[in-house]
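Here the structure is laid out as structure tokens; the discussion comes afterwards.
Bear in mind these aren't lab numbers, they're just calculated from the coordinates by the rules spelled out. What you see is a predicted model; the values in this text were computed from it and never measured. Here Cβ is always computed from backbone atoms with ideal geometry, including for glycine, and neighbour counts include all displayed protein chains.
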Amino acid sequence: MDAGALFLPVQLHADMVFYVHSGRGKVTYIEEESSERSSLEVERGDVYNLDQGSIIFIQSYPNATRQRLRIYAIFTSEGINADDPSKPKVEAYSSVSNLLKGFETEVLRLGFGVQREVAEAIKTAKIPPLIIPYNPHEKGDEEKPNWTEDIVDALLGVRDPEEFINNKKKDKHKKKKDKKSRSKAFNFYSGKPDVHNCYGWSRTMTNKDLDALHGSNIGMFMVNLTTGSMVGPHWNPKATEIAIVTEGTGIVQTVCPSSSNPSGESRRGHRGDERGRPGGRGDEKGEGKGWVRCRNTVFRVKEGDVFVVPRFHPMAQMSFNNDSFVFVGFSTHMGQNHPQFLAGKGSVLQAIGKEVLALSLGQENSTAVGKLLSAQRDSTILSCISCAEELEEKAAEEERRRREEEGGGKGPGEREEEKERREREEEERRKEEEKERREREEEERKREEEERERKEEEERQRRKEEERERREQEEKQRREEEERARREEEQRQREEEERQREEEERRREEEEGGGGHGDEPESDEPLLYRLSKKLKKRYRAGTFKSG
């Protein structure tokens with residue numbers, strides 16, 4: 001569920017145990033034969049159980065990182081007739097809309113005691129998707145009642161709201177006590193793991209850890225392996241294990257416990273491939289249709305994958321050298337359910353005895369068996385560097401040889417089918433490659449288009465900047481030219497004024513000289529005085545130039 005979403009109300013047809021993988025939210029439930037609504041705040045690692053017949057709805061809280069609320073759930077098979085082929089199969093839950101919309105309008109009106117327009121609105125309304133966006137904070141704190149409240153009250157058996165409120169007040173203390181005892185979920189990340197060392201940790205959950213699981217036959221477990229580690233060989237004698245990979249990748253090996261497979265060779269399985277799994281159906285020669293085929297398998301799993309190991313099937317889970325491996329699982333039995341480990345001091349093989357075990361393994365003496373039993377003291381989580389890589393490579397090689405051998409011993413019809421299958425696979429591979437090629441070309445075209453647009457934009461910006469600089473340079477030159485012209489004009493005016501002053505001075509001197517003492521020569525002193533006075537004027541006017 002996206003952050004800020006609502007999983008609309010459904011009614012459970014079977015007991016449900018759920019695990020919260022990520023996010024935070026609130027699970028609201030109304031138990032069968034009860035009109036009391038209870039809620040449970042959930043977060044990563046929480047586990048809880050809800051009984052069949054309950055009505056539930058789930059709200060995911062908004063958060064800054066928009067982390068989704070992811071919930072894994074398992075439903076009891078007897079509640080939906082999954083184990084009985086003679087009975088019709090039933091869905092794990094049904095939406096509340098399915099509980100109402102199937103009835104005729106008049107039946108709804110009389111059955112729920114509402115007005116006809118209310119019943120018609122229920123019948124004609126479009127069914128929304130099961131998960132919708134939801135943010136209650138955007139609504140007002142006090143909303144006016146509407147026709148939906150009438151339907152919900154009637155659905156829960158509440159005819160008189162006043163009476164319902166009074167009953168709630170009377171049973172307030174009892175309800176709080178009951179809700180408190182059931183409201184706390186079990187969390188895998190709180191508390192101490194059952195096994196914890198430098199190679200990882202594991203933890204199991206039973207009805208002793210969660211009161212809500214009393215009466216349920218479903219348990220849970222979580223395993224967290226560091227890089228290059230392994231859960232030692234073990235089997236579950238009472239429960240089938242259904243596991244979900246929540247982080248990383250790993251290798252799972254299962255061993256067929258049947259004596260009909262003495263070779264003990266490994267087969268490389270695939271997720272969802274029944275022929276490559278324990279308990280899958282085989283169709284090889286000598287095995288009729290419907291016969292259950294059991295064989296050893298090795299398969300790789302990654303985050304989001306689901307794998308199933310039936311009870312009594314020995315198994316081991318391994319992490320790669322470059323990645324951790326975390327998985328959480330459901331077990332289908334809640335009694336005294338203790339996995340049996342083959343290695344370590346707590347191994348069930350220790351109780352058999354070296355002599356008997358040696359005979360069982362075809363050994364002439366018990367020396368090798370004694371070393372086998374005493375070499376490893378730990379049993380649960382062990383170091384196993386490169387085990388996953390080597391096992392995957394070996395299983396792939398064995399699978400290749402097996403396919404080659406099977407291909408050589410087939411009849412004409414089978415070979416033709418094999419040829420057609422390979423052609424289909426080749427065609428699918430070509431289509432996939434063509435699709436990937438087109439996607440790469442489209443991505444390359446988009447990148448080139450974006451690069452071209454980026455360069456064009458840069459070129460436009462560059463030209464725009466050059467134009468701006470050019471205009472600024474022209475404006476600067478124009479101002480300098482105007483300033484130079486202004487200075488030249490001022491200089492010309494000063495020179496003209498000086499010339500006029502000199503001309504006036506010359507005429508004045510001539511006039512003064514013409515009205516003097518006749519032919520009597522002028523003295524040198526007045527002449528020098530006049531020249532000095534003229535030079536001073538020219539100097540002050542800025543027109544004096546040295547010869």
**OP:** Project the alpha carbons of the range 422-520 onto their principal axes and report the range along each, largest first, in whole Å.
**Re:** 142, 14, 7
**OP:** Enumerate the amide H contacts of G200 below 5 Å, restricted to partners 5 or more residues apart or on another chain; note that Pro and chain-start residues carry no placed amide H.
**Re:** T226
Subject >> Label point distance in nm, R403-R454, each placed 7 Å from Cα along Cα→Cβ >> reply: 4.2
Subject >> Förster radius 22 Å - calculated FRET efficiency between S95 and D211 (Cβ-Cβ, nearest 0.05) >> reply: 0.15
Original post:
Counting other Cβ atoms within 10 Å, which GluC sites (Glu not before Pro) in the range 23-72 have at most 12 and lie in a DSSP loop?
Top reply: E32, E33
Original post:
Which of the trypsin sites (Lys or Arg not before Pro) found in the range 98-140 are in a DSSP loop and have at most 10 neighbouring Cβ atoms, other than their own, within 10 Å?
Top reply: K126, K139
